[in-house]
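Inspection log for the structure reproduced underneath, given as structure tokens.
The values are calculated or read from the model by the stated rules, or taken from the named source; none is laboratory data. Small disclaimer: the values here were computed from a predicted structure and weren't measured. Don't worry about glycine lacking a Cβ; one is built from the backbone with ideal geometry, like all the others, and counts go over all protein chains shown. The accessibility values were calculated without ligands, DNA or RNA, using every heavy atom of the protein model including side chains. Shrake-Rupley method; radii C 1.70, N 1.55, O 1.52, S 1.80 Å.
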Amino acid sequence: MDCIKVFAPATVANVACGFDVIGLAMDAPGDEMIIRKSDLPGVQIKAVHGARLSTDAAQNVAGVALQALLQKYDNPAVGFEVEIFKHIQPGSGIGSSAASSAGAVVGANHLLGQPFTPKQLVRFAMEGERLASGAAHADNVAPAIMGGFTLVRSYKPLDITGLHTPDDLWVTVIHPQIEVKTSDAREILKQKVLMTDAIRQWGNVGALVAGLYQQNYGLISRALEDVIVEPVRAILIPAFYELKLKCREAGALGGGISGSGPSVFMLSKGEETARKVAATMDGIYAPLGVDYKVHVSPINKEGVKVLNNG
């Protein structure tokens, strides 16, 4: 196999209470990538369609992730060419850089005969995230590679586990067409939190994990609360609190800021409710004069998908 085409999904990170540790993968939107073996060693980004991103491999998240993979593969003769079709806008808060990083390493791993485990691929893809945001976080790349909900228990050492995903859980995301850079959104965070807030947040993280395994939608709903990060970042997103209130009234279990924003996600039980939530989002944003997109998706349990190979 010398060429492969993959679909790399959008992801929701943090999932309200799980800052930097919990994420989920969506079925749509997602990037498409073509990865080819090359006669030249190293990584070449041949083209990026749909976004103005560097084709210098050292300045492109897919290139950096692949370079990390090649360092571990330890065969100086191996090389890859990459063509990227961006359908996830950079700075959207739904894992644009993670999709490129994850898609690149999963595709390359297939071409090499799959010598690396999913956990190793996550580690390589985290290097792309380091380039994008200044922090090698895994809460986007882990679900993009592994699918479903994932939990990062530890970064040192890296310890990631998949979580149960209820079959009837859907996600609705509104993406205001404004850019919030992850690096900027991290800079405004408080470096210290109150013990009372930390205790409340820990309780919510535990309850969310329990709710997923028990398929207890009421518990999931109560757990979707962020008392640490959301109050700081909410000012970056137009009509954020109105969105949360009206979407819950429409039947959503709850939600919050997707990643660092500006996208806002809501989880729902069933497609019908998820689409009612989408209509509610439309009703709030249409009068604001802010361009936006709304995505309705089941949870993607597979992660990066191989579309074809040659």
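Here are the numbers:
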{"read-out": "Near pairs, Cβ below 7 angstrom, 6+ apart or cross-chain, from the stretch 269-284 (more than 11 Å from SER297 (Cα to Cα) and in contact (Cβ under 8 Å) with a residue 60 or more places away in the chain) to any residue that is surrounded by fewer than 20 Cβ atoms within 10 Å (Cβ to Cβ) and β-branched (Val, Ile, Thr)", "value": "MET281/VAL294"}
{"read-out": "Residues of the stretch 267-308 that turn out to be assigned to a helix (DSSP H, G or I), of a type in the set (A, V, I, L, M, F, W, C) and open to solvent by less than 40 Å² (accessible area, probe 1.4 Å), as a count", "value": "5"}
{"read-out": "Scope the stretch 1-13; condition open to solvent by 10 Å² or more (accessible area, probe 1.4 Å) and modelled with pLDDT of 95 or more; matching residues", "value": "CYS3, LYS5, PHE7"}
{"read-out": "Strands (runs of 3 or more DSSP E) wholly inside the stretch 133-181 that include at least 2 residues being over 13 Å from LEU24 (Cα atoms) and assigned by the TED database to the domain that holds SER221", "value": "169-176"}
{"read-out": "The stretch 14-59, residues that are open to solvent by 40 Å² or more (accessible area, probe 1.4 Å) and either among the acidic types (Asp, Glu) or in contact with a Ser or Thr (Cβ under 6 Å, 6 or more places away or on another chain) (or both)", "value": "ASP27, ALA28, GLU32, ASP39, ASP56"}
{"read-out": "Residue match in the stretch 205-214 (condition: modelled with pLDDT under 95 and open to solvent by 60 Å² or more (accessible area, probe 1.4 Å))", "value": "no"}
{"read-out": "Residue check, LEU224 without any contact (Cβ under 8 Å) to a residue 12 or more places away in the chain and of a type outside the set (Gly, Ala, Ser)", "value": "no"}
{"read-out": "Some residue of the stretch 85-103 being in contact with a Leu (Cβ under 6 Å, 6 or more places away or on another chain) and either surrounded by 24 or more Cβ atoms within 10 Å (Cβ to Cβ) or in the same structural domain as LEU212 (by the TED database) (or both)", "value": "no"}
{"read-out": "Residue count, the stretch 50-99 (criterion: touching a residue at least 12 places away in the same chain (Cβ under 8 Å) and assigned to a loop (DSSP other than H, G, I, E, B))", "value": "17"}
{"read-out": "Only listed residue being under 18 Å from PHE265 (Cα atoms), at pLDDT below 90 and aliphatic (A, V, I, L, M), chosen from VAL232, VAL171", "value": "VAL232"}
{"read-out": "Single match in SER100, SER38 (criterion: in contact with a Gly (Cβ under 7 Å, 6 or more places away or on another chain) and closer than 26 Å to SER154 by Cβ)", "value": "SER100"}
{"read-out": "Filter result for PRO76 (in contact with a helix residue (DSSP H, G or I) (Cβ under 6 Å, 6 or more places away or on another chain), at pLDDT below 95 and open to solvent by 20 Å² or more (accessible area, probe 1.4 Å))", "value": "no"}
{"read-out": "Within the stretch 226-251, tally of residues that are more than 24 Å from VAL193 (Cα to Cα) and open to solvent by 10 Å² or more (accessible area, probe 1.4 Å)", "value": "9"}
{"read-out": "Long-range neighbours under 6 Å by Cβ, at least six apart or interchain, first residue at positive phi and in contact (Cβ under 8 Å) with a residue 12 or more places away in the chain within the stretch 21-33, second outside any strand (DSSP E or B) and surrounded by 24 or more Cβ atoms within 10 Å (Cβ to Cβ)", "value": "none"}
